[in-house]
Each structure stands twice: as C-alpha cells, then as structure tokens.
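Take a look at the structure below.
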Amino acid sequence: MSLSPRDPLVVVRVVGDVVDPFMRLISLDVTYGQRQITNGIDLRSSQVLNKPTVEIGGDDLRNFYTLVMVDPDVPSPSNPYLREYLHWLVTDIPATTGTAFGNELVYYENPCPTSGIHRVALILFRQIGRQTVYAPQWRQRFNTREFSEIYNLGLPVAAVYLNCQ
Amino acid sequence: MPGLESETSTFHVFNHDLQTQLQTYPQETAVEEHPPVGRQNSIMSLTLDEIQMKSGKSFGAMNMDELLANMWMTVEENNGGGAGAQQDGEKPTIVPRQGSLSVPVPLCKKTVEEVWFEIQNGVQQPPPSSIAGQNPDEDNRRQQTLGEITLEDFLVKAGVVQEPLKTTMKMSSSDFGYNPEFGVGLHCQTQNNYGDNRTGYNENRPFYSGMGESSSCMTGKERSDQYLTGLNAFRIQKRIIDGPPEILMERRQRRMIKNRESAARSRARRQAYTVELELELNQLTEENLKLKKIVEENEKERRQEVMNRSTQITKEKNGDKLRRIRRMASAGW
C-alpha cells in the first residue's frame, strides 16, 4: 500500500528527510525487549541499550534484505548538521527470518541523544543479490538515499521509526 | 536561554526610547506604565536649553556638580507642582536621593562647556566596530549644539549616566521610582570615565538582567543591595546584551524561529503517533471482527456436527429397534 500523506512516516518527515516515498511490501517487526515498536513510540535511551529482535516477512528465502538504522536528528533536532548517524547495518537477511540470520556489517550502537527528541528510523531494503552491500567508513553524515543508490537497493520495502531521548 | 533576557522588555529611563520599546512589546501594559514613566523622564528628555529656560539659570559655565544639583532642584519643582495634590508638602518619593548620584571626581569640577567640548572631540574617533547604521546617528548628535542636546544624552556622553537599564516592564510604579537614580547612582560610584563605565556596566548587566527576569516586584532597595553585591561578581559574558537594536532583534527572531520549528516538530510527533494509534486501532478491530466471525463459524460447525451426530444416532437406534422387532416377529408361529 502506498503511503498516504497522513502516514506517520510522512507526517514526521522520515519520508522526506531520510527516504523517498515508497510502498510497504513486506512486514517488519522490531521488538525491544517486550516492547513491539510501532511508529512514533517514545523510548528512552536506557530502553534501547541492546539491539532489538527484528523479524521480516516476505515469502521466498532466496530474497535477501538489508536493514539500516539511522538517526537523522544528530546532534540536535534543531540543528542536525551531522545528519544521519548510522546505528546499525545488517545485510543478507533472508526473507521470513530476522537480523539474527543476517550479516552485521556495522554493529549495533545504542542511540543516546544528548539534546532534544530524536527520530530513530529502521529501514528495510531489498538486495539484488547476496553480498552486494558494504559498510561505509563512518557512522556520522550517513546518507540513506545515497547508500541505497550505491548498492542498488532502490526504494525501501518497509520502515518503522521511534522517538528517543 | 539567550532569548529570554532580550525578550524581557528593555526598560528605558528615557522617554523617546520607551516609546519604541512599547511598540515592540505590545503585550506589556504599555498604557499602564507610561504615565509614571512620563513624570520621571520629564527632566531627562528635556534638552539643556529647555532646562535652562525652566530654571532660569545658565548651565554653560557651571560645574558638573552644580549642574546636577540644579537638575534635581528642577525635578523637585516639577514634581512639587505635579504631585502637590497627592503629597502635601512631603517630598515625593521620586525625588532622587542626592547622595546616590555623585559625579566622579575628574568630572565634577569641570564646567559643562568643557565636558561638552570633550564629548565632541571624543566622538571624533568612533570605534571601528560600530555598525554602519549607527554612524548617521552619531553624526547627527555630534552636530547638535550644547543647548540642543538632551539632558540624558549629555549625561550619557559625559559618563555620568550609563546606557539605559534593562529590567522587566512589569515593575510597579513605586519600584520605578527607584530606578533612575538607582542606575545612575550606582555605576557613578565605581567608574571614572566612560571607557570604564562600559566594561563595568557590562559586568553588572548579566546579573542584573538575570535578576530582572525573575523579580517583577522587587523593591528598589532590594535591587540596589543585590546590584551592589553583584557588581564585582561576574565577568563579561560573551553575549552582547547591550548591543545595537538590530542585532537584538535578529537574535530574538532567530530564537522565535527556532521555537516555532521545535513546536512544529512536537506537533508532528504527536500527530504521527495518534495517526499510528488510529491505524493500529482499525487494524485490531478488523482483526477482532474476523476472529469473532471465525469463532462463530466454528461454533456453528460444531453445533451442526452435534446435530448430525444425534440424528445419526437416532436413525441407528431406530434401525436397531426395527431389527429387533423383526426378529421377534419371525420367531413366532
């Protein structure tokens, strides 16, 4: 289903600041501890200390997906000159499985905003093949759009975001 | 927050500035504050010519000390006339305590004309950092003759009075009364010349404006005590608090814009969350309906099953009965 202008991702400008408008194609379930993440949920940095369990949908195990976790509001939402900060990068995730089965190229770094309330977005891309995605050199100034272009990931197939402070 | 200080209305002792300030802060009770201000300002905004005419004396050759003495006398006369109805014969509270205003030693013995001369020469070398927009003003003032300069300007330039104070607008008029001599007197005690005045005042300013924010009803006496102790307490802040009005406006605007953006983000967050919740709610109710249907259908099926079973059983029973009955019948003769 394509994104309506009232979709949370659009309203909060994740679609806009981080990615372009896309269609949700497969399911993406992110769980921190006992908490299932729905768009816009507010968490504290203490609640996102450890990496979440992520399960994705789809049907064909031969399709591989990449999960990107970024914070576009670094160092502060009013002045995000370090946009974006890459917290986690997992590639080669087979459909219907989760990040545990993928390749953690950039290890999970817990979001710890010092100023303001930051959006933290988890975005799922479909890879064209296995081992076609590589890690960037730095975490800061990451650009999801560029990243997707370089590795031919196209538009996202799923995304979810949370607020963190 | 930097914005807060500049957002408290700058409270000027002097009339003409007060008007502009009132315009930029319409939310303050401008009408309320103006009348008491008017009285206090009256002497300050008069030109020296006018004061001379009023008091019938000529200031040119006077010492600074004498000038000040005459000033207060003129104020007294004015107030005596205006406040006569309220305070019969008593000295009105607004008459400044003469002890608090003392001209620094180097200045006090000079005549007014000498001081004016120095001012004019001093202004010839304006600091290069002054903003272009201000230079025309300075030029105009320079060209004023001694008589045309207002008392406030003269005192400011002479270094007797400092730039206008900043406090909250919400001062009561009684507090107000303390203000003029308060600001005037204080720094006189500490500085010797204009240059020193500036740095000294800036030192005081952060403390004072911080205070001004929180104390809208402090009495003048309290303030004077705190002001005195705060005198040497703070170093110059990097921030220009007493700067050209354009910079202050800019800073205020920037703060306002940032605030708006933050508010917009907050609203977006809230909206996104509620939309998400609504979506979830719809999803869940749909699911709920489906599940209920399924449950119902299952129930139906089971009942059907049970019905079928029972009819089957009865049929069998009937069948059995018949058989039994037949056998009985065939066993007969």
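Table: residues versus (1) open to solvent by 10 Å² or more (accessible area, probe 1.4 Å); (2) out of contact with any helix residue (DSSP H, G or I) (no Cβ under 9 Å at 6 or more places or on another chain).
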residue	(1), (2)
A:119	yes, no
A:123	no, no
A:132	yes, yes
A:136	yes, no
A:145	yes, yes
A:152	yes, yes
A:165	yes, no
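Of all residues in segment A:131-165, those satisfying the criterion of being β-branched (Val, Ile, Thr) and under 16 Å from the mean Cα position of the chain (by Cα) are A:133, A:144, A:157, A:160. Please state which one of A:24, A:44, A:13 is closer than 30 Å to residue B:260 by Cβ and either within 14 Å of chain B (Cβ to nearest Cβ) or of a type in the set (Val, Ile, Thr) (or both). Only one candidate qualifies: A:13.
Here is a check on your reading of the model: is residue A:44 open to solvent by 10 Å² or more (accessible area, probe 1.4 Å), modelled with pLDDT under 90 and within 17 Å of residue A:162 (Cα to Cα)? In short, no.
The set of residues in segment A:48-87 that are in a strand (DSSP E or B) and closer than 17 Å to residue A:119 by Cα comprises A:67, A:68, A:69, A:70, A:71, A:76, A:79, A:85, A:86, A:87. The set of residues from segment A:96-130 being more than 20 Å from residue A:143 (Cβ to Cβ) and within 14 Å of chain B (Cβ to nearest Cβ) comprises A:115, A:116, A:117.
Scanning segment A:115-147 for residues that are assigned to a loop (DSSP other than H, G, I, E, B) and more than 18 Å from residue A:73 (Cβ to Cβ) returns A:127, A:128, A:129, A:130, A:131, A:132, A:133, A:134, A:135, A:136, A:137. Among residues belonging to segment B:253-275 that are farther than 12 Å from residue A:13 by Cβ and within 7 Å of another protein chain (Cβ to nearest Cβ), point out the one that is least open to solvent (accessible area, probe 1.4 Å). So, considering only residues that are farther than 12 Å from residue A:13 by Cβ and within 7 Å of another protein chain (Cβ to nearest Cβ), the one least open to solvent (accessible area, probe 1.4 Å) is B:275. The residues in segment A:93-116 that are open to solvent by less than 40 Å² (accessible area, probe 1.4 Å) and of a type outside the set (Gly, Ala, Ser) can be counted, and the count is 8.
Checked against the criterion of being in contact with an Asp or Glu (Cβ under 9 Å, 6 or more places away or on another chain), away from chain B (no Cβ under 14 Å), assigned to a strand (DSSP E or B) and surrounded by 15 or more Cβ atoms within 10 Å (Cβ to Cβ), the candidates A:30, A:90 yield just one match: A:90. Can you pull out every residue in segment A:1-27 that is closer than 16 Å to residue A:67 by Cβ and assigned to a strand (DSSP E or B)? The answer is A:19, and nothing else.
The values are calculated or read from the model by the stated rules, or taken from the named source; none is laboratory data. Please read all numbers here as calculations on a predicted model, not as lab measurements. Backbone-built Cβ (ideal geometry, glycine too); neighbour counts: all protein chains shown. The area values use the complete protein model at the heavy-atom level, side chains included, leaving out ligands, DNA and RNA. Shrake-Rupley method; radii C 1.70, N 1.55, O 1.52, S 1.80 Å.
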